[in-house]
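So the structure is just underneath, and the comments pick up after that.
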Amino acid sequence: MAESGRARVRTGITEVTGPSMVPTLLHGDRMVVRYGALVRPGDVVVFRHPLQQDLLVVKRAAERRPGGWWMLGDNPFNETGDSTDYGAVPDELVLARAVLRLRPRPVHQSSLRARLSWALSAVRPLRADSSASRRLRAR
């Protein structure tokens, strides 16, 4: 427990692989995550795959359902590997909520203008997106 009486929330950095969260997250992006943080509908979360618990997955928590969270990817063209395949994800498998996206700087960017453009877009907060949650539930 922290001195203020609140439990400490750990943070970490994780890397995104695959296209399931495009356009929100791209392959190679990094995320700052808060382990043990409260999850709300629309949050981007990291969880253990219900059928392969050594595999960590990044998806959007679309809604609460009996048995846990219904997880969906943001990419409408990649409809596999989410709750439509394995059902609701139990709370004990949800590890962290993403709070920031960190986009790595492309190696080929050498001009000052390109570096400034990257710097202005590299760090973005990942907030709960309830409109995405409603849109995703319709699938």
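Just so it is clear, none of the values below were taken in a lab; they were calculated from the coordinates. From a predicted model like this one, the values you see are computed outputs, not experimental measurements. Cβ coordinates were reconstructed from backbone atoms using ideal geometry, including for glycine residues, and neighbour counts include every protein chain displayed.
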**Item:** Options THR80, TRP70, LEU120, ranked by Cα towards positive dipole end of the chain, top entry (Cβ charges)
**Value:** LEU120
**Asked** Roughly how many debye, to the nearest 20, is the charge dipole of the chain about its Cα centre, given +1 on each Lys and Arg Cβ, -1 on each Asp and Glu Cβ, and no other charges?
**Response** 620
**Asked** Sequence-distant or interchain residues sharing an amide H contact under 5 Å with ALA62, placed H: which?
**Response** GLY42, TRP70, MET71, LEU72
**Message:** With θ taken as phi - 60° and the coefficients 6.51, -1.76 and 1.60, list the Karplus ³J(HN,Hα) couplings across the range 89-98 in order, rounded to whole Hz; mark glycine and proline as x.
**Reply:** 9, x, 3, 5, 8, 7, 9, 7, 10, 6
**Message:** At a threshold of 8 angstrom on Cα-Cα distance, excluding pairs fewer than six apart, so keeping six or more, what relative contact order does the range 5-66 reach in percent?
**Reply:** 27
**Prompt:** Considering every Cα-Cα pair within the range 10-137, what fraction, in whole percent, is farther apart than 19 Å?
**Reply:** 47
**Item:** Average Cα contact separation per residue, the chain, under 8 Å, 6 or more apart, as relative contact order %
**Value:** 26
**Prompt:** Under the Karplus relation 6.51 cos²θ - 1.76 cosθ + 1.60, θ = phi - 60°, what is the ordered set of whole-Hz ³J(HN,Hα) values for the range 77-88, x standing for Gly and Pro?
**Reply:** 8, 10, 9, 10, x, 10, 5, 5, 8, 10, x, 5
**Message:** Spelling out what I want: for every residue of the range 109-122, take phi, set θ = phi - 60°, compute 6.51 cos²θ - 1.76 cosθ + 1.60 (Karplus), and round to whole Hz; glycine and proline get x.
**Reply:** 7, 10, 6, 4, 4, 5, 5, 5, 4, 4, 4, 6, 10, 6
